[in-house]
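**Q** Structure in structure tokens, see below.
The values are calculated or read from the model by the stated rules, or taken from the named source; none is laboratory data. Keep in mind that what you see is a predicted model, and the values were worked out from it rather than measured. Note: ideal-geometry Cβ built from the backbone for every residue, glycine included; neighbour counts use all protein chains shown. Protein only, heavy atoms only, side chains kept; ligands, DNA and RNA dropped before computing areas. Shrake-Rupley method; radii C 1.70, N 1.55, O 1.52, S 1.80 Å.
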Amino acid sequence: MITQRVDEQHDVLGFTAGWIRTLAQRVDRVDVLTGYKGEYNLPSNVTVRSFGKELGYSKPRRILAFEKQCLQLATSSVDVVFAHMIPNYILGSWPLFKLGRKPMVLWYAHGHVDYALRAAHRLVDAVVTSTPQSFRLPSDKLTV
């Protein structure tokens, strides 16, 4: 899973830890790559890796850390890549995961449609969202 933040104390993204916890009950292992690693209590089959925002890394350094960790995961036994809300995560990681033959799924639940979303949509194997209005591109890849 690639997500912006794993931090149960965050007022907007705190729910992400609950998603990870629920997912971890259904699979052998969950590897999470996040921009910001905060406070959380997750099961032992979950590994959280950060690309360093909480460490004060510059944007170029975070991008390098992201790419390095994606490369490690792309060559591992990961079954599927689940990107949460950020089309740029797909755009930045797709070449590596494609070479590693890892299917990619984008969760997107927002009315905004931009170039990054259009491009990410073309690259992913599937898109999931919460309502039909939350993903406004015509798609045979979409599951609501």
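**Q** Please compute, for the alpha-carbon atoms of segment 29-90, the extent along each of the three principal axes and give them in descending order in Å.
**A** 30, 26, 21
**Q** Continuing with this model, one more query. Which value, in debye to the nearest 20, describes the size of the charge dipole of the chain about its Cα centre when Lys and Arg Cβ atoms bear +1, Asp and Glu Cβ atoms bear -1, and nothing else is charged?
**A** So the dipole magnitude of the chain works out to roughly 400 debye.
**Q** Amide H of V127: which non-local residues (sequence gap of 5 or more, or other chain) have their own amide H closer than 5 Å, using H built in the peptide plane?
**A** L106, L142, T143
**Q** Now for a separate question. Under the Karplus relation 6.51 cos²θ - 1.76 cosθ + 1.60, θ = phi - 60°, what is the ordered set of whole-Hz ³J(HN,Hα) values for segment 59-71, x standing for Gly and Pro?
**A** Each residue of segment 59-71 in turn: 4, x, 5, 5, 5, 5, 5, 4, 4, 4, 6, 5, 4 Hz.
**Q** Here's another thing I want to ask about it. Applying 1/(1 + (r/R0)^6) with R0 = 41 Å to the Cβ-Cβ distance of L71 and T131, what FRET efficiency is obtained, to the nearest 0.05?
**A** Taking R0 as 41 Å, the efficiency between L71 and T131 is 0.75.
**Q** State the extension gain, in nm to one decimal, for the chain segment bounded by R122 and E39, taking 0.36 nm per residue of separation less the distance between their alpha-carbons.
**A** Contour length minus Cα-Cα distance gives 26.4 nm.
**Q** Please work out the average accessible area per residue across segment 31-113, using the 1.4 Å probe convention, and give it in Å².
**A** Ligands and nucleic acids excluded, the result is 54 Å² per residue.
**Q** Give the residues of segment 52-86 whose amide nitrogen is closer than 20 Å to a point set 7 Å from the Cα of D11 in the direction of its Cβ.
**A** Within reach of a label on D11, which here means backbone N under 20 Å from a point 7 Å along Cα→Cβ, segment 52-86 contributes 54.
**Q** Shifting gears a bit: If each DSSP helix of 4+ residues adds -39,500 (n - 2.57) and the sum is divided by the residues in the chain, what number results at 222 nm, nearest 500 deg cm²/dmol?
**A** Estimated from H runs of four or more residues: -10500 deg cm²/dmol.
**Q** Still on this structure, I have one more. Inverting the mean 1/r over all pairs of different Cα atoms, compute the Kirkwood radius of segment 41-144 and quote it in Å.
**A** 14.7 Å
**Q** Determine how large the accessible area of H110 is when every protein chain is in place; take a 1.4 Å probe and give Å² rounded to the nearest 10.
**A** Approximately 90 Å² of H110 is accessible to the 1.4 Å probe.
**Q** Between T47 and H112, what is 0.36 nm times their sequence separation minus the Cα-Cα distance? Round to one decimal in nm.
**A** 20.3 nm is the gain from fully extending T47 to H112.
**Q** Mind listing the phi-derived Karplus ³J(HN,Hα) values for segment 18-32, rounded to whole Hz, using 6.51, -1.76 and 1.60 with θ = phi - 60°, and x for any glycine or proline?
**A** x, 4, 5, 4, 5, 4, 4, 6, 9, 9, 5, 8, 10, 9, 10
**Q** Oh, and also: Just the number, please: carbon plus sulfur as a percent of the accessible area of segment 1-140, 1.4 Å probe, no ligands or DNA/RNA counted.
**A** On segment 1-140, the fraction of accessible area on carbon and sulfur atoms equals 52 percent.
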